[in-house]
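Enquirer: Okay, here's the structure, questions in a sec.
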Amino acid sequence: MTSQTSASMLLFDLDDTLVDDAIATETAAKALCTHYQPELEAEAMSHWRRALKQHYPAFLQGQLSAAEMRQARAREALQKPELSDKQAEDAFEYFMQQYIAATQLYPDTLVCLDKLRQQGWRLALVSNGPEDMQQRKVKAAGLTHYFEFVLTAEAAGSAKPDPAIFDKALAMAKLSAKDCCYVGDNFKNDAQGAEAAGLTSVWLQRQVAGEVVAQPFDNVTWQISGLSQLLECVRLA
């Protein structure tokens, strides 16, 4: 795979890879509690993380629909199990509106994507998020025009690290695994998942400064600490 091959494609994760999910989530979670349960504001993130941990895996495993997951998370985060489906949906939508307003790209995101496109790379997104949420994030971040497609776990019917979601992306791109590289921040879901599906993988660890490292762990091709280093990876690949 080389950046000179027009058929080659880079597939990206979204949250904590291109978009700073942590900042937007904290802002939105605090706003949600301030609006609905002011007494929970100081512990807003704790409640939101617990709601995510309790209900998001069930969505990824197909045990909850996206709507059921949204409602369950809203009830748990606000400590209001009595909320009707409509009330819970309204609360989650309030969270999403605050999240979208607080959406920020990492400083290196657009620089990297612009350079990759200039080099002839095809780009796409593969995310474990629900369809509506992720599409709204991509639009709010101004990323829509960079990608040929955005494939979510909800649309694919499978979630990372299941090879099926990567296979679906390859089918959409009309490429084989050897022609594609996946970039993401989650070691299990992104790095190991992509390698298991036959793709080259790049594990992004923004919190760890350092140089590009080749094959630091089994089943991971590259380890980087910023997207500027991704450009070096594709030159070396």
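So that you can scan it fast, the table gives a plain yes or no per residue for (1) in the same structural domain as Q97 (by TED's automatic domain parsing); (2) surrounded by fewer than 21 Cβ atoms within 10 Å (Cβ to Cβ); (3) of a type outside the set (A, V, I, L, M, F, W, C):
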position: E131; (1), (2), (3): no, yes, yes
position: R136; (1), (2), (3): no, yes, yes
position: G157; (1), (2), (3): no, yes, yes
position: A164; (1), (2), (3): no, yes, no
position: T200; (1), (2), (3): no, no, yes
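Enquirer: Turning to a different aspect of this structure: Do you know which of the residues in region 189-198 that are out of contact with any helix residue (DSSP H, G or I) (no Cβ under 9 Å at 6 or more places or on another chain) and either modelled with pLDDT of 95 or more or within 14 Å of A124 (Cβ to Cβ) (or both) is surrounded by the most Cβ atoms within 10 Å (Cβ to Cβ)?
Expert: Checking each candidate, the answer is D190.
Enquirer: Within region 5-21, which residues are surrounded by fewer than 19 Cβ atoms within 10 Å (Cβ to Cβ) and more than 16 Å from Q134 (Cβ to Cβ)?
Expert: Across region 5-21, the qualifying residues are T5, S6, A7.
Enquirer: Among the residues of region 137-178, write down those that are among the acidic types (D, E) and out of contact with any helix residue (DSSP H, G or I) (no Cβ under 8 Å at 6 or more places or on another chain).
Expert: D167
Enquirer: Condition first: part of a helix (DSSP H, G or I) and within 21 Å of F187 (Cα to Cα). Now tell me which residues in region 133-153 satisfy that.
Expert: Q134, A153
Enquirer: Still on this structure, I have one more. Filter region 61-70 down to residues that are closer than 18 Å to R49 by Cβ and not basic (K, R) and give me whichever is surrounded by the fewest Cβ atoms within 10 Å (Cβ to Cβ).
Expert: L64
Enquirer: Can V111 be described as assigned by TED's automatic domain parsing to the domain that holds D179, touching a Phe, Trp or Tyr at 6+ places or on another chain (Cβ under 8 Å) and β-branched (V, I, T)?
Expert: Criteria not met by V111.
Enquirer: Using beta carbons and a limit of 9 Å, which pairs, at least six apart or on different chains, have the first residue in region 91-102 and under 10 Å from H35 (Cβ atoms) and touching a residue at least 12 places away in the same chain (Cβ under 8 Å) and the second one small (G, A, S) and surrounded by fewer than 20 Cβ atoms within 10 Å (Cβ to Cβ)?
Expert: Matching pairs, first to second residue: Y94/A31; F95/A31; Q98/A31.
Enquirer: Further, regarding this structure: Pairs, please: C-beta under 8 Å, at least 6 apart or cross-chain, first residue under 15 Å from Q98 (Cβ atoms) and in region 34-58, second among the aromatic types (F, W, Y) and in a helix (DSSP H, G or I)?
Expert: H35/Y94; Y36/Y94
Enquirer: Being under 17 Å from V234 (Cβ atoms) and surrounded by 21 or more Cβ atoms within 10 Å (Cβ to Cβ) is the filter here, so list the residues in region 166-188 that pass it.
Expert: C180, C181, Y182, V183, G184
Enquirer: Turning to a different aspect of this structure: Scan region 60-116 for residues that are assigned to a helix (DSSP H, G or I) and polar (S, T, N, Q) and jot them down.
Expert: If the condition is that a residue be assigned to a helix (DSSP H, G or I) and polar (S, T, N, Q), then Q71, Q87, Q97, Q98, T109 are the ones that fit.
The values are calculated or read from the model by the stated rules, or taken from the named source; none is laboratory data. The model shown is predicted, which means the values in this text are computed figures rather than measured ones. Note that we place each Cβ from the backbone using ideal geometry, even for glycine, and neighbour counts take in every protein chain shown.
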